[in-house]
């Protein structure tokens, strides 16, 4: 398939710049893959579509203040880092701007307590660097770093916690798993009280999730790997639900990619940690996911391709056109879909 097969027209005014005051007040487009029925609801209505015995799978990754601003040592040349993936205690993969004018051995200074040395350039604009710091790196990052909002969000976020899910706890992401932003503690409590099990997994969102597709043929796109962890407890809960007839409801494309990476051909989920570069596109056979909660994604993105694989290519684009006509809010702070 061509990348252009996943294009749709979007008025820029529909790109949500700020989150709604209430997380679960977003709109919810519900699509049933069997009946092709479409409903337009409010996100808090999601409880009406869940059943006792289902498992709601959430990604508990936490966004770090991954954007740093510094200068090249000995000059006043401004440099921006976006931290992507931690390799060791002091070594990271990053995206650097400007990337062309710095080379291996150059040093970037962020403060008198934090600097970084360029180690090597990798593919697709990724650079490996080694940080030097005086104190605890995480504490310095909290002090100097900024929340890495996507480039299509132009408004300053007054409350950084709104770019975190309420259940975020495992630090390491360069972007939020945005489908989870709609849940509140009260909504999650209500879901549990219904007899739905909540299973946590972790996938640290990095370049693999949000890197744009720049090739003409979808098959030529290469995903970058991202780190995941699935506990024994989560795997057991998911497998037990499947055996008893419950549905596996994945909150977000990150949960889908993780579950499909750790499941075998029979749909059995295996606990463990590792790296995944799975690329889910139309034609993929899902093994572990029965329903999906997701936001509306950028045209020609791997995230939209995953949704098309799950709900159908033509069907998904038709749903997106309907959402545009009804003026749904799009992207990270936008509205949501539930695909059953």
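Can you confirm whether the range 133-140 contains a residue that is crowded, with 17+ Cβ neighbours inside 10 Å and at pLDDT below 95? Looking for residues that are crowded, with 17+ Cβ neighbours inside 10 Å and at pLDDT below 95, one finds none in the range 133-140, hence no. Residue by residue through the range 220-253, note down the ones that are more than 24 Å from residue 52 (Cα to Cα) and in a helix (DSSP H, G or I). Hit for the range 220-253 is 220, nothing else.
Among the residues of the range 192-204, those identified as surrounded by fewer than 23 Cβ atoms within 10 Å (Cβ to Cβ), touching a residue at least 24 places away in the same chain (Cβ under 8 Å) and either out of contact with any strand residue (DSSP E or B) (no Cβ under 8 Å at 6 or more places or on another chain) or assigned to a loop (DSSP other than H, G, I, E, B) (or both) are 194, 195, 196.
Against the criterion of being outside any loop (DSSP other than H, G, I, E, B) and either over 21 Å from residue 224 (Cβ atoms) or free of Cβ contacts under 8 Å to residues at least 60 places away in the same chain (or both), residue 320 qualifies.
Checking 237, 266 one by one, the residue that is more than 21 Å from the chain's Cα centre (by Cα), farther than 25 Å from residue 336 by Cα, surrounded by 13 or more Cβ atoms within 10 Å (Cβ to Cβ) and in contact (Cβ under 8 Å) with a residue 12 or more places away in the chain is 237 and no other. Within the range 240-263, can you find the residues that are surrounded by 15 or more Cβ atoms within 10 Å (Cβ to Cβ) and either at positive phi or in the same structural domain as residue 88 (by TED's automatic domain parsing) (or both)? Passing the criteria: only 252. Would you mind stating whether residue 123 is surrounded by fewer than 16 Cβ atoms within 10 Å (Cβ to Cβ), outside the structural domain of residue 27 (by TED's automatic domain parsing) and under 30 Å from residue 56 (Cβ atoms)? No, not satisfied. Only one entry in 229, 221 is modelled with pLDDT of 95 or more, more than 24 Å from residue 28 (Cβ to Cβ) and either within 21 Å of the chain's Cα centre (by Cα) or surrounded by fewer than 19 Cβ atoms within 10 Å (Cβ to Cβ) (or both), namely 229. Checking residue 171 against (1) part of a loop (DSSP other than H, G, I, E, B); (2) within 29 Å of residue 108 (Cβ to Cβ), which test does it fail? So residue 171 meets the others, but not (1).
Determine whether the range 283-291 contains at least one residue that is surrounded by 24 or more Cβ atoms within 10 Å (Cβ to Cβ), part of a strand (DSSP E or B) and either within 19 Å of the chain's Cα centre (by Cα) or in contact (Cβ under 8 Å) with a residue 40 or more places away in the chain (or both). There is no residue in the range 283-291 that is surrounded by 24 or more Cβ atoms within 10 Å (Cβ to Cβ), part of a strand (DSSP E or B) and either within 19 Å of the chain's Cα centre (by Cα) or in contact (Cβ under 8 Å) with a residue 40 or more places away in the chain (or both).
The values are calculated or read from the model by the stated rules, or taken from the named source; none is laboratory data. Treat the numbers as computed from the prediction; the structure is a model and nothing was measured. Neighbour counts run over all protein chains shown; Cβ positions are idealised from the backbone, glycine included.
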